[in-house]
Amino acid sequence: MRRILLAAAALLGFVPAARAEFPERPVTVIMPYAPGAADALMRAVGEHFQRATGQPLVLQTRDGASGVVGMRVVAGAAPDGYTIGHTPVTAIAVQPHLLRNAGIGPNSFEGVCGTNENVITIAVRADSPMRDLPGLVAEARRRALSFGSPGPNSLPQLAVWQVQRATGIELNHIPYRGEPPHINDTLAGRLDFSAAIVSSAAELVMAGRMRLLAVFSANRHPDFPDVPTAREQGIDAQLFSQVGIYAPRGTPAPVLDRLESACRDALQDATVLRVLANSRSPVRFVPRQALTEWVRGEYENYGRILRELGVQPE
């Protein structure tokens, strides 16, 4: 009977099309911050993706509100895998606590994969008398110190807040829009130090113009093995910034599996690894389920930190 019905359907032109394997058209990647090293990484990942799947990744910058604008676009897209976002954890785990109507949170997304770590650091001018983190703390007890960060309640600023909480010192925070302006002001002597990600200061360090006092990761940065972590220097401050790819909540598991597999393979590609090495950003693949669970935990963690800071959503 089933064969008869199918034959009849064929005669009438109603044979159902075979389901196409994902992806059958280009995938849009929302980049929620101003163009920079992350774009170079995703372009390299996109080259691998096209070789592996036959479809390109199309990058689209939608910056604003520390990543929230772009990730809102991702959250509101059809959950079919054709719109994904690449972002540090800030936009998903921190900013929703700061904006009264952020419209997104960890439950708005499905993790696809973790790609790399943005290692957070404190950087000073090469001629600064401060040579390590205890030296900075001692100097802050002698005089008022000012520092810049890429924005209010950014992860670099929160790392410095952990130093303040652990040591009892007071520091004058001056938020900037992005990394280059406050790094330039530190170089010019208008700030005592910069709280930044390593990749933003790395070339100046390599050129002998800046010095790193500490990193806030669990491990030393592979490109700067002589720079100890904050905890190695006796100061209980640690902050991990995982960068990852996310899809809208409700994206089917087979599509997520395909994206995760492509991500895993890309992070073993020589060109992709070279781009990450050039940006001083350690590769760190995280499976999609682990990423989804981790970002939800970070959301709760930052909620506690921001309450301790007395931050109220705006």
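Odds and ends about this structure:
- Beyond 34 Å, the tail of the calculated P(r) for the chain holds 28 percent of the Cα pairs.
- Peptides 234-246, 132-144 ranked from most to least packed by the mean count of surrounding Cβ atoms within 10 Å: 234-246, 132-144.
- Atom-type composition of the exposed protein surface of the chain places 50 percent of the accessible area on carbon and sulfur (1.4 angstrom probe).
- Fraction of beta bridges assigned by DSSP in the stretch 120-233 that are antiparallel (%, nearest 5): 55 percent
- Beta bridges by DSSP in the chain, antiparallel share as percent, to the nearest 5: 60 percent
- An ellipsoid equivalent to the stretch 21-116, defined through the eigenvalues of its Cα gyration tensor, has semi-axes of 24, 15, 11 Å when rounded to whole angstrom and sorted largest first.
- Degrees, to the nearest 10: 37-53 long Cα axis against longest axis of the chain: 20 degrees
- Diffusion constant of the stretch 169-210 at 4 °C, which comes from Stokes-Einstein with the Kirkwood Cα-pair radius and 1.567 mPa s, µm²/s: 119 µm²/s
- Where the stretch 120-233 is the region considered: accessible area per residue in Å², 1.4 Å probe: 43 Å²
The values are calculated or read from the model by the stated rules, or taken from the named source; none is laboratory data. In this text, all values refer to a predicted model and were calculated from it rather than measured experimentally. When we count neighbours, we look across all protein chains shown, and the Cβ atoms used for this are built from the backbone with ideal geometry, even at glycine. Protein only, heavy atoms only, side chains kept; ligands, DNA and RNA dropped before computing areas. Shrake-Rupley method; radii C 1.70, N 1.55, O 1.52, S 1.80 Å.
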